[in-house]
1. Does residue 80 count as touching a strand residue (DSSP E or B) at 6+ places or on another chain (Cβ under 7 Å), part of a strand (DSSP E or B), at pLDDT below 95 and surrounded by 20 or more Cβ atoms within 10 Å (Cβ to Cβ)?
2. What are the residues in the stretch 396-409 that are part of a loop (DSSP other than H, G, I, E, B) and either of a type in the set (A, V, I, L, M) or modelled with pLDDT of 95 or more (or both), if any?
3. Among the residues of the stretch 434-444, which ones are open to solvent by 20 Å² or more (accessible area, probe 1.4 Å) and closer than 14 Å to residue 370 by Cβ?
4. Take the residues in the stretch 118-161 that are of a type in the set (Asp, Glu) and open to solvent by 40 Å² or more (accessible area, probe 1.4 Å), then tell me which one is nearest to residue 94 (Cα to Cα).
5. Can you go through 205, 221, 181 and tell me which one is at pLDDT below 75 and open to solvent by less than 20 Å² (accessible area, probe 1.4 Å)?
6. So, in the stretch 101-118, of the ones that are touching a residue at least 24 places away in the same chain (Cβ under 8 Å), closer than 20 Å to residue 154 by Cα and not in a loop (DSSP other than H, G, I, E, B), which residue ends up nearest to the chain's Cα centre (by Cα)?
7. So, of the residues in the stretch 389-410 that are touching a Gly at 6+ places or on another chain (Cβ under 7 Å) and without any contact (Cβ under 8 Å) to a residue 60 or more places away in the chain, which turns out to be most open to solvent (accessible area, probe 1.4 Å)?
8. Please work out if residue 338 is under 18 Å from the mean Cα position of the chain (by Cα) and modelled with pLDDT under 95.
Amino acid sequence: MEAMAKPQYKGKRYRLAKPELLAPAGNLEKLKFAVHYGADAVYIGGQKYGLRSNADNFSFEEMREGVEFANRYGAKVFVATNIYAHNEDIEGIEAYLKKLEEVGIAAIIAADPAIIEVAKRAAPKLEVHLSTQQSTLNWQAVKFWKDEGLPRVVLGRETSLEEIAAIKEHVDIEIEAFIHGAMCSSFSGRCVLSNHFTDRDSNRGGCCQSCRWKYDLFEDGRSEESWVSEESMMEQAPPALSPFKPGVTQIPLFQPEDNLFTMGSKDLCMLEHIPDLIEAGIDSFKIEGRMKSIHYVATVVNVYRQAIDSYMADPEGYVLKPEWVEEINKAANRPLNTGFFYDTPDHEDHIYEPEEKAVPYDFAGLVMEYDDSTGTAIIQQRNHFKPGDEIEFFGPEGTFFKQKVGSLEDESGAPLDAARHPLQLVRMKVEQPLKNFDMMRKRKG
């Protein structure tokens, strides 16, 4: 979508000298990659009260380890407790929040006022950040939450840059906004399709992402007078069958060669608009994706880290580098747009047919050691690779180069025809120096 004329703001930040880069971490390994690749903070889920029940999520022991690792790099860890709670969900919340405080979590991300009030009373060292699930879009609502004692509000994804600037002008509070990742087809996540289709509660962590499913479209061949009630239909056909009366013709609204219908939205990407985000005064740039891969997290965080630092170092001389855009596209899952920041998305910003998969790369290996005297590296295998494959190395300190895989050896020096075993340690020659935590990827196919 083409952006409208970009408004320029001289935004101020609350407490932070420069924008925080906030990354998702679905498990402990992803947390470490996110921090190592430049995240100022990460958000995770615990075993309860979060909206990603299908993610790996963290035990308290893993949280403690993650906090210790993050703190070594000057980063923070936030925990999502952003369900809308039913009565039965509230039992145990006080003990849970106290434990989060005890293991060193910096803040929780919450939507339900009951959870917010319990946190303020029972775990006062835990900051409470208002979740995007509250759909906060205007400065009066933001002021309400500031008056309630919250230091940060995560705005609804429907908020425009112009509205963010107005919020910052009226309320002295931290503003967090999603700047990259998947966009919910519903209004800031308030969806009940999953509940209806699968009995999995979207607002208590069970979303089945039914908007990403593929659908056939039919027209009922009956006259209006021949429609039957749902109760009558259910008496005549099992629930799994069509909601049409048995024996009634279904007229397909598609041809056999047509693609099936979906209703997912394009993904958000604001990489090309970093100056606007910073000048609007956004305090925290949030990346979506706790269930995304390590390669996705490392790539996206690495690119935004470079862009933010480049602008903050020299705003007047800032230039968007084409290689940053190229890198983002290597991690993209769906077509990209700018969401609601500049205009209201229309039909062109949704996906109504099978997506052109834009992820042509796999995470192939992790650099464990590098020997400068021999120019060899020990690579931990993460996906199959073999001699002759075209590969790329990239890392958080500017590492980036391409080469072909040469000969491979195992740890004992025996030659290998391929690295085919998960987590296998492989020795190979590389053309430039590498560092621990640098990553190797290869094109799919």
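The values are calculated or read from the model by the stated rules, or taken from the named source; none is laboratory data. Predicted model, so just to flag it, every value in this text is computed and none were measured. All Cβ positions, glycine included, derive from the backbone under ideal geometry; neighbour counts span all protein chains shown. Quick note on the areas: whole protein, heavy atoms, side chains included, nothing else; ligands and nucleic acids left out. Shrake-Rupley method; radii C 1.70, N 1.55, O 1.52, S 1.80 Å.
1. Details: touching a strand residue (DSSP E or B) at 6+ places or on another chain (Cβ under 7 Å): yes; part of a strand (DSSP E or B): yes; at pLDDT below 95: yes; surrounded by 20 or more Cβ atoms within 10 Å (Cβ to Cβ): yes.
Judged against the criteria, residue 80 is a match.
2. Just the residues of the stretch 396-409 that are part of a loop (DSSP other than H, G, I, E, B), to begin with: 396-399, 405-407.
Across the stretch 396-409, the qualifying residues are 405, 406, 407.
3. 435, 436, 437
4. Step one: of the stretch 118-161, the residues of a type in the set (Asp, Glu) are 127, 147-148, 158.
Next, only the ones that are open to solvent by 40 Å² or more (accessible area, probe 1.4 Å) stay: 127, 147-148.
Numbers: 127: 15, 147: 23, 148: 19 Å.
So, considering only residues that are of a type in the set (Asp, Glu) and open to solvent by 40 Å² or more (accessible area, probe 1.4 Å), the one nearest to residue 94 (Cα to Cα) is 127.
5. So the residue among 205, 221, 181 that is at pLDDT below 75 and open to solvent by less than 20 Å² (accessible area, probe 1.4 Å) is 205.
6. Selected residue: 109.
7. Initial filter on the stretch 389-410 (touching a Gly at 6+ places or on another chain (Cβ under 7 Å)): 396, 404-405.
Adding the requirement that they be without any contact (Cβ under 8 Å) to a residue 60 or more places away in the chain leaves 404-405.
Values: 404: 120, 405: 8 Å².
If we take residues in the stretch 389-410 being touching a Gly at 6+ places or on another chain (Cβ under 7 Å) and without any contact (Cβ under 8 Å) to a residue 60 or more places away in the chain, then 404 is most open to solvent (accessible area, probe 1.4 Å).
8. Answer is yes for this residue.
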